[in-house]
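The values are calculated or read from the model by the stated rules, or taken from the named source; none is laboratory data. What you see is a predicted model; the values in this text were computed from it and never measured. Glycine gets a Cβ as well: all are built from the backbone with ideal geometry, and neighbour counts include every protein chain shown.
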Amino acid sequence: MVVLRTPLTQRRSCAMFLRLVTTMEPAMQAVNVRQLKNNPSEALRKAQKEMVVVMNGDQPSAVLVHLEQNAMLAMPGIRLALANALFKEGSLPLARAAKLAQMALPEFMQQLSRAGIPVIHGASKEVKHDVETLQAWLASS
């Protein structure tokens, strides 16, 4: 589950995104978990045309929505909110999250820091060792 903890402008964009998803035309298809597991490409193709509800038994479990549909990714803050959340939960590495947010890597790192999301993960000894290795490498260049 992705929990978005973002600045107010991004929260507004996320609210707009949710409103857009819930007000889309009611046409939708359903796939069960087994179908999704066996043929995820088919579910994604269906999602390009309309929303797809993933059913787990007789209960809806998830909704697949094509993000390019209705220009959702073009909405202000959506890309940044997705990049923040996916990086924070470990689903995207830093560089790919920056690319998703359409930001330069240093700019994205600053933005993460302002949002209170740690950019560097690991024990302090590991980080110290990495910094020392980087400094030695830079000195030898």
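Conditions tested, residue by residue: (1) outside any loop (DSSP other than H, G, I, E, B); (2) modelled with pLDDT of 90 or more; (3) touching a strand residue (DSSP E or B) at 6+ places or on another chain (Cβ under 8 Å); (4) surrounded by 11 or more Cβ atoms within 10 Å (Cβ to Cβ).
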{"position": "87", "(1), (2), (3), (4)": "yes, yes, no, yes"}
{"position": "97", "(1), (2), (3), (4)": "yes, yes, no, yes"}
{"position": "102", "(1), (2), (3), (4)": "no, yes, no, yes"}
{"position": "110", "(1), (2), (3), (4)": "yes, yes, no, yes"}
{"position": "117", "(1), (2), (3), (4)": "no, yes, no, yes"}
{"position": "120", "(1), (2), (3), (4)": "no, no, no, yes"}
{"position": "126", "(1), (2), (3), (4)": "yes, no, no, yes"}
{"position": "129", "(1), (2), (3), (4)": "yes, no, no, yes"}
{"position": "134", "(1), (2), (3), (4)": "yes, no, no, no"}
query = Failed condition for residue 81, given (1) surrounded by fewer than 15 Cβ atoms within 10 Å (Cβ to Cβ); (2) hydrophobic (A, V, I, L, M, F, W, C); (3) not in a strand (DSSP E or B), with all others met?
reply = (1)
query = Which condition breaks for residue 47 when tested against (1) of a type in the set (A, V, I, L, M); (2) without any contact (Cβ under 8 Å) to a residue 24 or more places away in the chain; (3) in a strand (DSSP E or B)?
reply = (3)
query = From the residues in the stretch 56-72 that are of a type outside the set (S, T, N, Q) and surrounded by 15 or more Cβ atoms within 10 Å (Cβ to Cβ), which one is nearest to the chain's Cα centre (by Cα)?
reply = 67
message = Checking residue 6 against (1) part of a loop (DSSP other than H, G, I, E, B); (2) surrounded by 17 or more Cβ atoms within 10 Å (Cβ to Cβ); (3) modelled with pLDDT of 90 or more, only one condition comes out false. Which one?
response = (3)
